[in-house]
Every structure is written in C-alpha cells, then in structure tokens.
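**Q** Here it is, the structure in full.
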Amino acid sequence: MPDTPSDLVQGTLDMLILKTLALEPMHGYGISVRIEQMSKGVFRLNAGSFFLAIRRLERYGLIAGEWKPTENNRRAKYYALTPKGRKRLNDETREWGRQVAAIARILEAS
Amino acid sequence: MSLFRDVASGFRSLFRREQVYRELDEELGAYLEMAVAEKMKQGMSREEARRSVRLEHGSPEVTKEFVRSADWEFWVETWWQDLRFATRTLRKSPGFTVVAVLTLALGIGANSSIFSVVNAVLLRPLPYANAGQLVLVSEAKPEAGISGVGMSYPTFTELQDDHRLFSASAGLAGHALVLTGYGEPSEVSTVVVTPQFFSVLAADPLLGRVFVPEDGRRGAAPVVVLSETLWRHRFGADPGIVGRSIALDMRSYTVIGVMPTGFHTPFLNQTSQVWIPLAQDPLFSVWMTRPPQEHWMAVIARVRPSISSAQIGTELDTIAAWLAKEFPAEKGWVLRTEPLQRTITGDVKLPLLLLLGAVGLVLLIACANVANLLLSRATSRSKEIALRIALGAGKRRIARQLLTECALLGVLGALIGTLVAYWGVATLVPLLPSSLPKYHSIRVDGWVLVFALLLSLGTSLVFGLAPVLFAAGSDPHKELGEGARAGESAGPRRARNCLAIGEIALAMVLLTGAGLLMRSFAELTSVNPGFEPNHVVKAMVSLPQFQYSTPKQWGAFSEELLTRLQALPGMQDSAIAGPLPMVDCCVTLSFQIVGHPPLQAGTADTANYVPASPHYFSVMGIPLLRGRLFNESDSSSSVPVALISEALAKRYFPDQDPLGRHLSFGFPANGTVSRAIVGIVGDIHDVSLGEEPGPMLYVPFSQAPLYGGEVVVKSTLSPSAVVGAIRSVTHSMDKNLPVTDIAPLTDVLNASMAQPRFRTLLLGLFGAIALLLAGVGIFGVISYSVSRRTRELGIRMALGAPPSSVLSMILRETLALTLTGIAAGVPCAVVTARLIMHLLFNVPPYDPLTLALVSLVLIGVGALASYIPARRAARIDPLVALRYE
C-alpha cells in the first residue's frame, strides 16, 4: 500500500503543488521532482499520494491538465494553475504564514 | 469545493471509465518512465533503475487502485463489481445458495409473520385519534379484594360532569338484541353506549351522524347507528338507510348513521353490530336510576393532554370520597384508570412475546446454519482469498466482498421470506383465537417489510462475520506455500463446532418450551370438565323483551318449548339454562347463609349462578351427589329451592349437612329470596378447564326464568338434525324468534382451549423447524469434517482401523457435540421455562421428564444427521484417500 501523505502536514501537499505550478505549467513527474529539489530532499513523494492530490486539485478546478509532447518526445499531461487555483494559492499562503507565525509565537513563549 | 463539479466529474468518469483509466494509466506510466530515465542518468542500469523505482513507488496496479479509490464513483463501481462477483459466485454453487437462501427465508418469513401479529396487536396504537389519551376508568374496592370492575351509572354521571380531568367520557356495555323485518330474525350484537361514546373515540360516521347528547335523554326518539358490515350484509348497502326504521326486539329504532369498517368498539370486537343509546336499551336502561351498587358499565375517557397521572389519581380520589358521602353503599370504592391500550392487549402480551422470542430463536439457528455453511465454503475458498491478497487486494476490500455476498444472500432470503410471511399471515389469521384483540388489523404492512429488510441485513452481518474474520486472518504464505494441505486450521473448525453447539442449545430451549406447552395442553385436555359434552347440542333462544316482558311469559314459553322438543323422536333429553359452562362467563352473585351472622360490610360470599330446568343435569351429565334434583313440582308457586355444587358445600358447610339449610340470594339483586338447599351436585369447570371449579348455585328455571336462555339437547341424531328441530320448534311457537349460537357442546369445550392450543401449535411448529435446522447444521458440520479428513481417515484405515471403528469414532464425535449443546441448553431452557410459567398448567417449569425427552430427541437427531457422513467415512477406500489431492 502506498503511504498516505501523513509525513506531510495534512493539506500541505496541495499547497506545494499549487506553488510549484505558479511558475509555469508542468507535468506530473516534473512537479514531484521540483518539490523534492526545493525541499532539498525533505519531502519524498510517492506516486500514489501525489496523483491523488493532482486528481483532487483537478477535480476542484484549481489546476487544469492538457496532454502535450515532452522535450523527449513522449506524451505527458501538463498541468497549469487556473485563476481559481491562483486565488486559492494566495489565500492558503497567507493563511499558512499566519499559522506558522502563531505557532512560532507559542513555541517561543513557553 | 464545488459539490456540483465533483458530482459531475464523478459521473463523467463513471460513464467514460475506459478513457479515464487509460489516461491515469498513461500518466502514471509516463511518470514512472521518467523516474526510471532519471535514475539511469545517474548511472544505474535499466533493470536496476526499474527495480528501484518500483521499490520507491510500489506496484503501478496498486497505485492506480489507490488513486481511484479516493473518488466516490469508485465506490459505486466496486460495489457494483462486488455485487456482480457475488452473484456469479453464488450462481456457481447453486446447492449452497438454495440451502442458505431457503434457511434464511424460513427464518425471516416466520419472524415477519409473528411480527405482523405483534405489530398489529401490541405495537400499533389503537385505531383511534390520539389513542394514547384514552383510558379505561374502573372501580375497585381494595378492602374486599375487588378490582377492575365496571362502574355504576351514578358514579359515571359524576365523572362525566367533571370536565377537569377528561375532555370526554362514555360508558358502554354489550349484549344482543333481536333484529327482525330483514330476512330471518337474528340476534345482533348491540353496544349500549352513553351519547359521548363516538366523540371520546373521535370517530366519524361513514353515513349520517353519530349520537348527540339529546339522543341520550330519557324519552328521546329511539335511534341506532349501524356498523358498515351489518349495513352491507343485512341491508344491501342501501344508500338511503339513514332515516329508515329497523326493529330491535320488536321495537322501532331510526337509523341515524353508519360507522365504517375501520371502527371497532373497544372490548367488543364483532364486525357486525349496532350501537344504541343507553336510555333506549330494554336491559340496561333500568340501571340508570338504581342506587349506585351495580358495577356494570365499562367507562372509557379521554384524558386532557395537560393532566398528569398524579393529578388523575388525586382528582379521582376526591370524586370517590364525595360519592361515599352521598351514597353510603359506595363506601370503600375507589376509581382507577389504566391506559386503554394496556387493558385491551394486556392478557396477550406475554404469549405473543413468547412467540416472538421463540421465532427469534429459530432465526438465530437459521443464522448459525448459514454461518456454518459459509465457514465451510470460506475454508475451501481460502486459497482463492490468499491468492487475491497476494495479488494486492486489501483485506478490507476482501471483507467487503464477502459481506456483499452475505448481504445478497440475506436480501434474497428476505425476498422469499416476505412471500413466506404473506403466506404465513394468511394461514395464521384464521387459526388465531378470535378473542385476540385487534386481530382484524393483522397484515403484512410497510413496517413488517422494513422489519424483514432490517432482519435480513442484521442476520447477514451476524452470519457473515465469522467467515470474514477468518478470511481477514488468512496468511498467503501459509495458504499458498508448499505444505498447504487439505487439513484445516483449528480456528474455523472450532468456530463451526461452537455454532453447531449453539444451534443445539437453542433448539433445546425451543423444544423444552414446546414440550412444556404440549404437556400442559395434554394436562388441560385430560381435565374432566365435570360435564359430558358428547351428543349435546346447544342453541340460544332469546325472547324480545318488549313483546315478552314478564317472567311469567318467559317461564311459560320455555316450558312449552321443552315440551314440544321432548315430543320429537330421537331427542333423549332437553333442558334450558343459562349461562352454560365456558360459554358466557358468568353470573356471579353474592349470597348469605341464613342463620349465619351477617358478614362484615363490604365483604361477600359469592358463587356462580345458573337457573336450570329439571333435566339440565341429566343432559349435561352432572352427577347428583346427595339429596334430589329439580323436578316438575318446583314451580313459581312452590317453595323456592336451590342446588349447590360440591365445592360450595365443602367451602361453606365444612362439617355440617347443607341439605335443608337456606341460602338467600337473587338475580337481579332486588329479587333476593331465601332458598332451601335440596341437593348437592358435582363440580363443573364453569370458567375454563385451567381454573379450579368454583362454588355454583343452581335454581329451578321455573322459579327464576330469564327472557330466553340456552337450550341444550342430548340426542343420538346428528347435530344438524337437532339444530333443525330446535329451529322449527321455536319458529312454530313464534316465527320472529332468533335461534343463534348453535354448536355441539364439544365445540364449545374446544373453543375454550383455542388460545393454549394456538400457542402450543405454533411453538410446536417452531420447535420442529428448530430441530430440523439443528439436524441440518450437525449434518453440515460432520459431513464437512469428514470430507476434510478423508486423508486422515484413509491413513487410519490403511493402518488397520476397521470401518466400524471409523463409524463409531464419527458418531462419538457427534455425540460429544450434541451433549455439549444439551449441557449448554439445559440452564437456558430452565430459565426460559420460568419465564413462561404462567402459561403452564399442572406442569412445573423445571420438568425433568420434558428435559430428558428433549435431550433424547436431540441426541437421536444428532445421531441420525451424522449417520450418513459417518457411513461415508467408513466406506472410504484407503488407496483413493491417500491419493486424494
């Protein structure tokens, strides 16, 4: 059985994918490599959890997929942020910042 | 999130499943391919890279399943898959499916049938608006040990005028009047009511109107309300009936309304009846003016919603205290209320719950049987399941699949069970004792169907659980490994043995209950009723009171009737009396022994009272013990005499000679006279065979005639010839007289046992089903165990064990199983027997004979059920067995 994304804070995988796609449209493998690189290997993604998140985001209309040829002339599905996804990313980033700051305050206070 | 988008996209992928899967497939393929390419770039060989990617991300098939399982449409789809798979599996083993479904159908059907009865009688509220507000108000005299008797009219008027407690109240009493003018004269069941009767019950008429207070006044025009059944059958559903006149007891009543069939009078269940105001009744209206000492009227009332039961108590005490002051005779009487529902169904609650419990046990046994079958199958399917687990199927998924199979079995069982229930209810209703309240409304309705469905799902969970648990514990390494053999692991075998033991224990409980009831019933039928019912026919002849109004006329009529009957050929003997034993119970009178000091106020000696013509005792075969019987010279002008029963003589004249002593009593109460005791006759069971004979008082019919009575004729002719003779003689005297309630006395005796017979029959039936199912269960366990042990048995025989020892080994095993079941069943059976103690007659709840017999039957059935597989085991050819698999 694939791991559930519990090694990531619940819901953060969605945010990371949105963040990754904010720069440019990418295919699935590209997204996962980018997340691993940006986290300097802290987050290692499992294909199962990853595609679960992708499908969820696509279903909610936050990202849109399109089949395109890759640089090595294969076919892959490229995902791009929809306006709705961009808005969600902004909201979540702000919310995340607020929470992190709050948690940090609590941890420092004790 | 957008629910709409989710649903829409779900549907899209449901319908374009192929494409969606292909896309996921391709996308995942590309992803993994890129991962492999990446690894190869880092210097791995293609093979190494593939392996490494697979280790990191798991099997692509599992991943796809995992990704898809997050969507709701996946559930629909897999459920559909499970269902189709279950259908296919069940169809592949038709024998198993048929046995399981039929077992369940039997259990569910029997339960739904009994539940229909329980639902109609106990659960469904009475068919009146806000039935919970209805109460029965009765009078009681705790110091004299009298409770739950009717109310006197003055007390009722007091209650009716007090509007604080009850929004409405009404009294009712039943008897029969003679309806003439439409076809043959007949008696019609008449409910005598006070005018608010219909408004208390909030019942509306089908046609016309119901009573208004003015109809209840003395001197008002006589009016009558008909029941729909009577209106249809007797008056051809005449739409213009309202306003027409009908004759009751030769007196004209104007029809003012017709009540629909759905309306039933509490306590008086006849579908064909009339209602008349109390003031218009020839019999009971005289008691409207009496001082309040006759406690005769059933009073129902509707409690105001805001009133608590404590308030009712204190308020009723106030009324009772006021009445005691006003009427000294009422001193000591108190008023009590009881919910109408409880009054009506109280008596049958225990027997019905007993039946429901019994049929529930049958279902449990059925479940155990199906669970057993499933367990055997699960063991043979363990390889299939292990293979599926090895291929990546989740255990939860497999459990779901197995449970779907069980649910499918359950639902199929429920479908056929519902048919069984329809048939069961149709068979059951005519068998029900007609005294069962509300039995008109017994049917398979929505609630029963819901019950059946819940039952089927509940049972599928119960019988499905064990196999699922074992499947979940299955270990692919062991099952698929080299050494996997046909021998089975201990878990399922122990579970199957436990199930079989449980079945035997449950069957033991049911059979003990059935056995106790059967023994009680046998005891009951062997009770000597005190009279000889063979060759005796009874018929009721009633005289309309407006036409035959004086006791003199009644006496003359009965004398003439008996003389004419006696003159016919073939009539051995005839008499008139009333009430007859076990027909209409009873006229209980208080009496005084003349010469004894008067009893303390408020207490009374009572006995059941019967006026009888001289030949009554020879017709009925009641023996004369001492003194003389009545004869023709006991007339209205001679000395008043009485006969007493042995019980009365023993209780009240323990060491004296009662002959020649005088008793003072009378019916009605104002007709009290002192009578000389001229003889003692044998005791009879006046109320029922189950009750000890009580004291009886007989007086000559000629000295205390009634307006009609029960004619009893002893004759060697056929009952129908006797009936014809009684009818023609009666009609030769007055063609307008009804002759009703005709029956051989043996039928009356049988009818008195209808309730015990019914429950004995049903419980016997359930016991038989339980026995059958338990037998099938044992058979299943043993034959499965034999087939799994073919190899072992073969080795034993190859090593020299004779077939007879194999046979006895299997039989011994079964015996151990059966004995364990019996040991577990005995304490349960004893506890159950204590619960039904009140239904037993002359049989102790702990009855060693019944327990021993039931155990023997179970051992026998166990031996029988295991004999076939044991024989098969004994005939095993060692060579074939060793080559097995």
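The values are calculated or read from the model by the stated rules, or taken from the named source; none is laboratory data. Model, not experiment: these values are computed from the prediction. Neighbour counts run over all protein chains shown; Cβ positions are idealised from the backbone, glycine included. Note: accessible area is taken over every heavy atom of the protein model, side chains too, but ligands, DNA and RNA are not part of it. Shrake-Rupley method; radii C 1.70, N 1.55, O 1.52, S 1.80 Å.
**Q** Mind checking the angle between helix B:490-525 and chain B's longest principal axis? C-alpha axes, 0 to 90 degrees, to the nearest 10.
**A** Once rounded, one gets 10 degrees.
**Q** OK, next. Please average, across the residues of B:63-70, the number of beta carbons from any other chain that are within 10 Å of each residue's own beta carbon, and give a whole number.
**A** Per-residue shielding by partner chains comes out at 6.
**Q** Cross-link candidates for B:Lys395: which lysines have Cα within less than 19 Å, leaving aside residues fewer than 8 places away along the same chain?
**A** By straight Cα distance, B:Lys395 reaches B:Lys64, B:Lys383, B:Lys478.
**Q** Quickly rank B:869-876, B:71-78 as a protection proxy: mean count of other C-beta atoms within 10 Å, highest first. Please report the intermediate quantities before stating the final value.
**A** On the way: B:869-876: 19.8, B:71-78: 15.4.
Output ranking for B:869-876, B:71-78: B:869-876, B:71-78.
**Q** Straight-line reach from B:Lys538: which lysines have a Cα under 29 Å away, not including same-chain ones fewer than 8 places off?
**A** Output for B:Lys538: B:Lys438, B:Lys552, B:Lys714, B:Lys735.
**Q** If you take the Cα Rg of the stretch B:576-732 and divide it by 2.2 N^0.38 Å, with N the number of residues, what do you get? Write down the numbers at each step before the final one.
**A** Details: Rg = 16.2 Å, N = 157, 2.2 N^0.38 = 15.0 Å.
Output field value: 1.08.
**Q** Taking a 1.4 Å probe, which of B:Val861, B:Val370 shows the most accessible area, and what order do the others take after it? Write down the numbers at each step before the final one.
**A** Numbers: B:Val861 35, B:Val370 0 Å².
Result, largest first: B:Val861, B:Val370.
**Q** Per-residue accessible area for B:His440 at 1.4 Å probe radius, Å² rounded to 10?
**A** Its accessible surface works out to 70 Å², give or take rounding.
**Q** Once the principal axes of the Cα atoms of the stretch B:1-122 are found, what is the range along each, listed largest first in whole angstroms?
**A** 82, 41, 25
**Q** Among B:339-348, B:269-278, what's the highest-first ranking by average C-beta atoms within 10 angstrom per residue? Show your work: numbers first, answer last.
**A** Working: B:339-348: 18.1, B:269-278: 20.5.
Ranked from most to least packed, the peptides come out as B:269-278, B:339-348.
**Q** Leaving out ligands and nucleic acids, note down the accessible area per residue over chain B with a 1.4 angstrom probe, in whole Å². Could the numbers behind the result be given before it?
**A** Numbers: 39760 Å² over 885 residues.
Averaged over the residues of chain B, the accessible area is 45 Å².
**Q** As an exercise, find the ratio Rg/Rh for the protein assembly as shown from alpha-carbon atoms, using the Kirkwood inverse-distance average for Rh.
**A** On the way: Rg = 41.6 Å, Rh = 36.3 Å.
Radius of gyration relative to Kirkwood radius: 1.15.
**Q** Right, something else. Just counting partner chain Cβ atoms within 10 Å, what average do the residues of peptide A:56-63 show around their Cβ?
**A** Numbers: counts 5, 0, 1, 10, 5, 5, 1, 0.
Mean partner-chain Cβ count within 10 Å for A:56-63: 3.
**Q** Okay, moving on. Roughly how large is the A-B contact in terms of buried accessible area, totalled over both chains, probe 1.4 Å, nearest 100 Å²? The partial results should precede the final answer.
**A** On the way: alone 7850 and 41080 Å², together 46290 Å².
Summed over both sides, the interface buries about 2600 Å².
**Q** Would you list B:Arg217, B:Arg883 from the most to the least accessible area, probe 1.4 Å? Mind showing how you got there, number by number?
**A** Numbers: B:Arg217 135, B:Arg883 170 Å².
The most accessible residue leads, giving B:Arg883, B:Arg217.
**Q** Another one. Per residue, what accessible area does chain A have, given a 1.4 Å probe and all protein chains present, in Å²?
**A** In whole numbers, chain A has 59 Å² accessible per residue.
**Q** One quarter of the convex hull surface, Cα atoms only: what value does that give for the stretch B:200-271 in nm²?
**A** On the way: hull surface 21.2 nm².
Averaging across all directions leaves 5.3 nm² for the Cα convex hull.
**Q** Another question, if that's okay. Give the cross-link partners of B:Lys650 among the lysines, using a straight C-alpha distance below 29 Å as the criterion and excluding same-chain residues fewer than 8 apart.
**A** The reachable lysines, counting only those whose Cα sits under 29 Å from B:Lys650, are B:Lys141.
**Q** Could you calculate the FRET efficiency of B:His233 with B:Arg871 from 1/(1 + (r/R0)^6), where r is the beta carbon distance between them and R0 is 56 Å, rounded to 0.05?
**A** Working: r = 63 Å, r/R0 = 1.12.
Taking R0 as 56 Å, the efficiency between B:His233 and B:Arg871 is 0.35.
**Q** What's the ranking of B:372-384, A:62-74, B:822-834 by average number of surrounding C-beta atoms within 10 Å, highest first?
**A** On the way: B:372-384: 20.8, A:62-74: 13.8, B:822-834: 18.0.
With the highest mean Cβ count within 10 Å placed first, the list reads B:372-384, B:822-834, A:62-74.
**Q** May I ask you to give the percent of accessible area on chain B that is carbon plus sulfur, with a probe radius of 1.4 Å?
**A** Working: 24360 of 39760 Å².
Solvent-exposed carbon and sulfur of chain B make up 61 percent of the total.
**Q** Under the rule of at least 5 residues apart or a separate chain, name every residue whose amide H is placed under 5 Å from the amide H of B:Gly708.
**A** Placed amide hydrogens put B:Leu543 under 5 Å from B:Gly708.
**Q** On a 1.4 Å probe surface of the protein chains, which of B:Leu408, B:Leu364 comes out largest in accessible area, and what is the full order? Before the final figure, lay out the partial values.
**A** Details: B:Leu408 35, B:Leu364 85 Å².
Ranked list, largest accessible area first: B:Leu364, B:Leu408.
**Q** Summarise the partner chain shielding of A:65-72 as one whole number: the mean count of Cβ atoms from other chains within 10 Å of each residue's Cβ. Please report the intermediate quantities before stating the final value.
**A** Numbers: counts 2, 0, 4, 0, 0, 2, 0, 3.
Mean partner shielding for this stretch: 1.
**Q** Rolling a 1.4 angstrom probe over the protein chains, ignoring ligands and nucleic acids, what is the accessible area of B:Trp79 in square angstrom, nearest 10?
**A** Its accessible surface works out to 130 Å², give or take rounding.
**Q** Continuing with the same structure: Based on the alpha-carbon gyration tensor of chain B, what equivalent-ellipsoid semi-axes (square roots of 5 times the eigenvalues) come out, in whole Å, largest first? Walk me through the intermediate numbers first.
**A** On the way: eigenvalues 1043, 268, 116 Å².
Equivalent ellipsoid of chain B: 72, 37, 24 Å, largest first.
**Q** Would you kindly state how much longer the chain becomes between B:Met733 and B:Val673 on full extension, computed as 0.36 nm times their sequence separation minus their alpha carbon distance, in nm to one decimal? Walk me through the intermediate numbers first.
**A** Working: separation 60, 0.36 × 60 = 21.60 nm, distance 3.17 nm.
My answer for the length gained is 18.4 nm.
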